[in-house]
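Undergrad: Sharing a structure, written as structure tokens. Questions coming.
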Amino acid sequence: MTGSFRKMAGGGGCVAVLAVCLVALATGAEIHRNERGKTMIPGNSVINLGQQTNTWRPLAKTTANLTDVRSIKSTFEFRTFDPEGVVFYGDNHSGEEWFILALHGGVPEIQIYKADILVSARGGPRLDDGQWHLMEVSTEGKFVLLEVDGSKALTVGLHSQKVKEVITGQLRLALGGILIDSSRLLVPLRPEMDGCVRAGSWLDLTEPWEMVEGGAKLRPCLEAIQRGSYFPGSGFAVFNVSALSIEAPEGRVDIVLGGDFAQMNGTLLSLRGGDHALALGLEINNHSQTMLFTYGKTEITTATNTKKLRLIFKERFFGVSHDGDYLIASATDQTVEQSIWREGHLAIGGLLGEEEDAVGSNFLVGCLEKVVVQGKQLDMDLSDKDVSISSHSCPVR
């Protein structure tokens, strides 16, 4: 088979059809609400996958009868900068058999479970390049095939003499999440997917998707995007510093921020210790084109005409490297306890307050290209973030 392969026991059958059925989005339907007040969306439109409010819960779901399947091929276009996350999920018999199409490390990954079979296969080109790619899922006998831009990317074969194939019953389909417990996956993955699908042709099925988040509004997919994390000014992302496993040799910690700071406005970063005391605040004023660093009683102001900042923390020293060309440094009476890198919280895009739930409202507006702590790039998907934040894509200005 194409790509890397993991397998537990042998088998095959109806899962091949299930693999194609799972992408059965509706076509030709208008956006409306059903009798339970749920928003219904057509599958032939552009759909943004990056708007879940729950980590594993799908953005949308639908059901269809397996006997209604009239085609063995589905096509759609897909675009993302996100290297990992769920695109589609499908199952029948309420999860007794299931299929997942995801990205892992930027390349397509398929996981399938049926009876005594648990298979994971990964391969094909990287798709996290921000370009639209034509995807085709189809079946040929006992094989499930994935093509990308007209070339074969992944082939998964399934066969078992233990299972008698019965292509009946209902199929559950989900978009941007799964309907089983994540512990059942053979290969663990992060489910969040900041990506878009469009121009779908889905097995000739007509069932629309029901938004799991009842009256949720669909976030549009932008015509042009660039890599980065976009903060629209309505929330922020908070990291538990202990989860970052920060090592501070000789008591020094570096945080590198990248982006066009002249185009931003609001609180870019704040750092709070385990005692809830605010250790650092960084705010950008787009009107005055300045950045204000507040570090204990020390304040540093600099212009926003830079695209790279390095914040340097030592026990009694705080410094800012501005585009790497010069250093604004200040000795300070503020002592950063090493415990802050084990027990504190780091917020991107907002101001942490003195109490657990107290936050400022001057949220960041702008595109942050990178946040690197001690050489490690932070992934906003690993934070407790507001649903309005796009973890891996920004609008092109």
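Undergrad: Taking the mean number of other Cβ atoms within 10 Å as a proxy for protection, how do you rank 67-74, 259-266, 304-311 from highest to lowest? All intermediate terms of the calculation are to be shown ahead of the outcome.
TA: Details: 67-74: 15.1, 259-266: 19.4, 304-311: 17.1.
Averaged packing, sorted descending, gives the order 259-266, 304-311, 67-74.
Undergrad: Roughly to the nearest percent, how much of the accessible area of region 34-169 is carbon and sulfur, given a 1.4 Å probe?
TA: 48 percent
The values are calculated or read from the model by the stated rules, or taken from the named source; none is laboratory data. Every value quoted in this text rests on a predicted model; they were computed, and no experiment measured them. Here the Cβ is made from the backbone with ideal geometry for all residues, glycine too, and neighbour counts use every protein chain on show. With ligands, DNA and RNA removed, areas are computed over all heavy atoms of the protein, side chains included. Shrake-Rupley method; radii C 1.70, N 1.55, O 1.52, S 1.80 Å.
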